[in-house]
Amino acid sequence: MVLVCASSLSSTLSLTKFVPFTSQIPTTPFGSSFLFNNRYNNVPVVVPLLFVCHAKKKIGFFDQILDYIEGGPKLRKWYGAPDLIEKDGTSTSNADADDYPAEDEVRDAVLVTDGDSEMGQMVILSLIVNKSRVKALVKDKRVALESFGSYVESMVGDTSDNRFVRKALRGVRTIICPNEGFISSVGSLQGVKHVILLSQLSVYSGKLGIQSMMKSNAKKLAEQDESVVKTSGIPYTIIRTGELQDTPGGQQGFTFDKGCAGSGSISKEDAAFICVKALEFVPQTGFTFEVANGENKISEWKECLVTLMEKSS
């Protein structure tokens, strides 16, 4: 049996395209029921009775079924299902996000700041290939959803709002900052175990004349970010790269010589790749290293990072 509540006859008629009435429902050993496969784990599910009421939010029928089975929108993420996205790009579960006790969460996600930027997107793609759980701060959730689908949990909000930052950091173990400005603009990063900062400070410091003036604000932000992360008490990895280039990654090796970041260059794809490889080694406190494209081929990145930390200490 299915009961349908509708504000008008027209809405009731339109709903018949999606909701089977009594004569349309297949008979199962449980009586009049609706039998279908759960789209997330392909397990047959029988729903004996479903109440469907049209309201302001017109969420898909099968998503309503999924919420019914899984105990409501608050449990969707516990079963691996993505949040429902409204037309304005907001999530139906955001209002309840603060109800989850942070101390009970498993922190296994990587948060990418500035996920809309070119470098942010390259880092996200590298993380997806790495099979990491990815969260990203973006300006347009709908665009991010179209770009990355359910591989990325995208979040939109004001990073100066402590409530939003707490929400964004739920379940986050590591933060990767592909551009300057985030670390120095937020308050507490409570619960985060590792910060990976991609820094262009060496490049900005080497600029002269008009280029130096054009990059003065970026240099200031980079200096502030490095200073804040070093005094945060959170283990950090600062990757000072050479000038970022729009060249294919994986074609060259690397150099980690002192001063290489100020005089050399590196593919943006290679820089994003190194950010993800930095996940393999979490220092006890933190360290900074320089990198540019060079001749050295690296096969064991964890060993390489350990060696770089020992040299920096």
For the range 210-222, give me the residue count where each residue is over 27 Å from the mean Cα position of the chain (by Cα) and open to solvent by 50 Å² or more (accessible area, probe 1.4 Å). 6
Which residue, of K141, K135, K131, K193, is basic (K, R) and touching a Pro at 6+ places or on another chain (Cβ under 8 Å)? K193
Take the residues of the range 184-200 that are under 28 Å from G253 (Cα atoms) and either without any contact (Cβ under 8 Å) to a residue 40 or more places away in the chain or among the polar types (S, T, N, Q) (or both): which is most open to solvent (accessible area, probe 1.4 Å)? Q200
Per the filter on the range 204-225, residues under 20 Å from V291 (Cβ atoms) and modelled with pLDDT of 90 or more are A222, E223, D225
Residues satisfying the stated conditions in the range 223-240, i.e. among the small types (G, A, S) and surrounded by fewer than 13 Cβ atoms within 10 Å (Cβ to Cβ): S227, G233
For the range 158-170, which positions are within 21 Å of D108 (Cα to Cα), part of a helix (DSSP H, G or I) and open to solvent by 20 Å² or more (accessible area, probe 1.4 Å)? R163, F164, R166, K167
Leading residue by the ranking (surrounded by the most Cβ atoms within 10 Å (Cβ to Cβ)) among those in the range 282-296 that are in a strand (DSSP E or B) and not polar (S, T, N, Q): A292
Residue tally, condition open to solvent by 10 Å² or more (accessible area, probe 1.4 Å) and in a strand (DSSP E or B), over the range 248-268: 3
Just one of the numbered conditions (1) in contact with a Ser or Thr (Cβ under 8 Å, 6 or more places away or on another chain); (2) in a helix (DSSP H, G or I); (3) among the aliphatic types (A, V, I, L, M) is not true of I196; which one? (2)
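Results for (1) among the acidic types (D, E); (2) on the phi < 0 side of the Ramachandran plot; (3) touching a Ser or Thr at 6+ places or on another chain (Cβ under 7 Å), shown as yes or no for each residue.
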| site | (1), (2), (3) |
| --- | --- |
| G191 | no, no, no |
| L208 | no, yes, no |
| A222 | no, yes, yes |
| D225 | yes, yes, yes |
| V228 | no, yes, yes |
| G233 | no, no, no |
| I238 | no, yes, yes |
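Considering each of G120, G187, G149 in turn, give the residue that is assigned to a helix (DSSP H, G or I), among the small types (G, A, S) and under 30 Å from S216 (Cα atoms).
It is G120.
Each row is one residue, and each column tells you yes or no for (1) free of Cβ contacts under 8 Å to residues at least 12 places away in the same chain; (2) open to solvent by 20 Å² or more (accessible area, probe 1.4 Å); (3) over 13 Å from the mean Cα position of the chain (by Cα).
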residue: V123; (1), (2), (3): no, no, no
residue: K135; (1), (2), (3): no, no, no
residue: K141; (1), (2), (3): no, yes, no
residue: E146; (1), (2), (3): yes, yes, yes
residue: E153; (1), (2), (3): no, yes, no
residue: V156; (1), (2), (3): no, yes, no
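The values are calculated or read from the model by the stated rules, or taken from the named source; none is laboratory data. For clarity, every value in this text was computed on a predicted model and none was experimentally measured. All Cβ positions, even for glycine, are placed from backbone atoms using ideal geometry, and neighbour counts span all protein chains on display. Note: areas computed on protein heavy atoms with side chains; ligands, DNA, RNA excluded. Shrake-Rupley method; radii C 1.70, N 1.55, O 1.52, S 1.80 Å.
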